[in-house]
1. Given the Cα-Cα distance of ARG157 and ALA3 and 0.36 nm per residue of separation, how much length would full extension add, in nm?
2. Which log10 I(q)/I(0) values, to two decimals, does the chain give at q = 0.15, 0.18 Å⁻¹ under the Debye formula with one point per Cα?
3. DSSP loop chymotrypsin sites (Phe, Trp or Tyr not before Pro) in the range 1-57 with at most 11 other Cβ atoms within 10 Å of their Cβ, which ones?
4. Using only helices, what value at 222 nm comes out for the chain when you add -39,500 (n - 2.57) per DSSP H run of length 4 or more and divide by the total residues, to the nearest 500 deg cm²/dmol?
5. Roughly how big is the range 1-131's charge dipole about its Cα centre, with Cβ charges of +1 (Lys, Arg) and -1 (Asp, Glu), in debye to the nearest 20?
6. Can you pull the one-decimal nm distance between simple spin-label points at ALA170 and ARG90, each 7 Å off the Cα toward Cβ?
7. Taking only the alpha-carbon positions of the range 116-166 and ignoring solvent, what does the Debye formula give for the base-10 log of I(q)/I(0) at q = 0.18, 0.30, 0.32 Å⁻¹?
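Here, each number is a calculation from the coordinates, and none is a lab measurement. Predicted model only: the values in this text are computed from it and were never measured. Don't worry about glycine lacking a Cβ; one is built from the backbone with ideal geometry, like all the others, and counts go over all protein chains shown.
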Amino acid sequence: ERAVSYGMMVDKSCGLHVHLDVRDYSHADFRRLFRLMRSLEPIIYAALPNERLTNGTAMPLQIPSTRIEAIRGQESLQAAWRSQANGGGRHHGFNYTALQEHGTVEMRYHSGTLNPTKILPWVKFLVQTVDMAHTATYRDIPYHFTSFEDRYTTMMRFLHLEPLQPHFEARIQFF
């Protein structure tokens with residue numbers, strides 16, 4: 001309501017872009033973050049309008065698992081990012097290219113909104129994901145699932161985000 005009172009507005013052409021500070025992340029942290037995002041993207045896109053997946057501004061990661069597993073330093077990290085079909089441009093839901101300019105990763109997945117009941121759970125989800133990439137071991141990150149439900153339950157438990165499950169379940173059911 002406050003944002004609207006200041007004349008702010010969004011429409012379908014807008015996205016909610018969240019920048020998260022990762023200046024202290026090593027190549028190993030990014031390796032884990034790429035793996036986490038690959039595991040989480042089906043959940044993320046299921047909780048958002050289909051346009052976020054198809055409009056070309058929040059594309060899914062296209063880094064092959066073998067490239068992620070091969071990250072051992074800055075050179076292989078850059079090569080993994082550039083291995084994507086568009087050469088690793090910024091129009092991915094997870095935008096690694098923001099690191100050079102801002103010292104952040106940019107999460108471009110979410111549709112535009114001024115609604116704090118949508119923004120706050122989303123930001124908590126992202127912060128916990130990025131923090132977990134900094135603290136978890138690569139092998140601990142779940143990667144193989146038997147179904148969407150298995151993926152969803154496993155990842156929410158892994159990220160300790162059970163309190164956010166009702167919010168995400170309602171969004172998944174809506175979309």
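1. Taking ARG157 through ALA3 to full extension adds about 52.1 nm, to one decimal.
2. -0.86, -1.26
3. Sites meeting the loop and neighbour criteria: TYR6.
4. Taken over the chain, the calculation gives -14500 deg cm²/dmol.
5. Computed about the Cα centre, the dipole is about 220 debye.
6. Going from the ALA170 label point to the ARG90 one covers 3.3 nm.
7. Debye output, listed in q order: -0.61, -1.20, -1.24.
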